[in-house]
Amino acid sequence: MSSLLPQQFFKGTFFPLRGAVFILNHPLFLKHTVTLAIQELALTFFLYFFYALATSSVVAVTTIFNLPTGFGPMVFLVAQFTMFTQSNMVAAWVFRRANQEDLNGMIDAVYSVQGKHAVILKARLRGRFTRARSLPYIYRRTLTNLFRTYFFSLYVPKVLIRFFLNFGIPIIGPYIASFSNCGGVGFGYNNRFMDLSGFNRNQAIINYVHHKSMYYGFGFGASVLDNLPVMGSLLFYSNSVGAALMSCEEMVPN
């Protein structure tokens with residue numbers, strides 16, 4: 001963290017908010033974003049219903065046990081909030097991968113609106129433009145990458161810690177997990193730029209090192225918005241638009 005440049009860090013922090021403003025100022029983007037967010041939330045409530053149903057007896061006993069102490073209602077509310085948050089994490093993982101093509105199309109449209117048509121054109125000419133993939137392929141590729149990356153490396157403890165933070169600590173756990181990986185969050189949001197630019201692994205790493213402070217700032221700002229209950233489903237897409245704006249202004253040559 002000592003190598004981070006404060007000016008670039010704070011500049012990156014505001015791009016997620018700029019993404020939200022951009023969507024509000026463009027009705028077509030707003031309509032598409034709200035549609036995706038509503039579908040994701042519908043899946044979240046579907047999972048939450050069965051999750052709450054399966055754990056209702058445990059929650060009821062725990063709540064009743066804590067009634068004499070005066071913490072019964074709080075225990076119940078924290079349990080419901082935690083279950084909803086966990087349901088939203090699972091729903092987001094499934095839904096966003098299933099709709100990656102829609103998200104990519106929205107990001108590409110941001111480049112066009114910003115006048116960066118050459119980025120899209122060059123990607124098409126290189127054959128790097130996104131092609132439709134079946135859902136089995138998307139999930140198989142994701143699980144394969146996770147298996148290769150984590151189970152054959154030294155990252156197993158880190159993954160287990162993040163899993164515990166996300167699913168084991170109510171309310172603040174997801175924030176701690178996100179804030180501890182701001183650089184990775186910011187870099188992940190900018191994957192589409194790497195793909196369109198045709199970067200290989202080494203070029204992507206060089207890009208990350210060169211813009212490290214901005215990636216950390218963006219990851220911090222995006223994490224604050226992405227972990228908000230209910231609104232996080234909507235703000236994820238505005239964060240993605242913010243990442244496109246950041247790459248348009250800071251990384252794509254004029």
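Here is how the numbers come out for the structure above:
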read-out	value
Single residue of the range 201-220 satisfying the filter (touching a helix residue (DSSP H, G or I) at 6+ places or on another chain (Cβ under 7 Å) and aliphatic (A, V, I, L, M)) that is surrounded by the fewest Cβ atoms within 10 Å (Cβ to Cβ)	ALA204
Any pair with Cβ under 9 angstrom, 6 or more apart, that starts in the range 30-58 at a residue that is without any contact (Cβ under 8 Å) to a residue 12 or more places away in the chain and ends at one that is of a type in the set (Val, Ile, Thr) and assigned to a helix (DSSP H, G or I)	LEU30/ILE23
Unmet criterion (only one of (1) free of Cβ contacts under 8 Å to residues at least 60 places away in the same chain; (2) hydrophobic (A, V, I, L, M, F, W, C); (3) surrounded by 15 or more Cβ atoms within 10 Å (Cβ to Cβ); (4) under 17 Å from VAL230 (Cβ atoms)) for ALA92	(1)
Out of GLN86, GLN80, sole residue that is surrounded by fewer than 18 Cβ atoms within 10 Å (Cβ to Cβ) and touching a residue at least 24 places away in the same chain (Cβ under 8 Å)	GLN80
Test for GLY70: is it over 29 Å from GLN39 (Cα atoms) and modelled with pLDDT of 85 or more	no
Single residue of SER233, SER223, SER240 found to be more than 18 Å from MET106 (Cβ to Cβ), under 11 Å from the mean Cα position of the chain (by Cα) and either surrounded by 23 or more Cβ atoms within 10 Å (Cβ to Cβ) or of a type outside the set (A, V, I, L, M, F, W, C) (or both)	SER223
Total residues in the range 11-27, condition touching a residue at least 24 places away in the same chain (Cβ under 8 Å), out of contact with any Gly (no Cβ under 6 Å at 6 or more places or on another chain) and not β-branched (Val, Ile, Thr)	6
Residues that are free of Cβ contacts under 8 Å to residues at least 60 places away in the same chain, over 15 Å from GLY186 (Cα atoms) and assigned to a helix (DSSP H, G or I), drawn from the range 205-248	MET231
Filtered residues of the range 194-204 (kept if without any contact (Cβ under 8 Å) to a residue 60 or more places away in the chain and part of a helix (DSSP H, G or I))	MET194, ARG201, ASN202, GLN203, ALA204
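The values are calculated or read from the model by the stated rules, or taken from the named source; none is laboratory data. From a predicted model like this one, the values you see are computed outputs, not experimental measurements. Note that each Cβ is placed from the backbone with ideal geometry, even for glycine, and that neighbours are counted across all protein chains shown.
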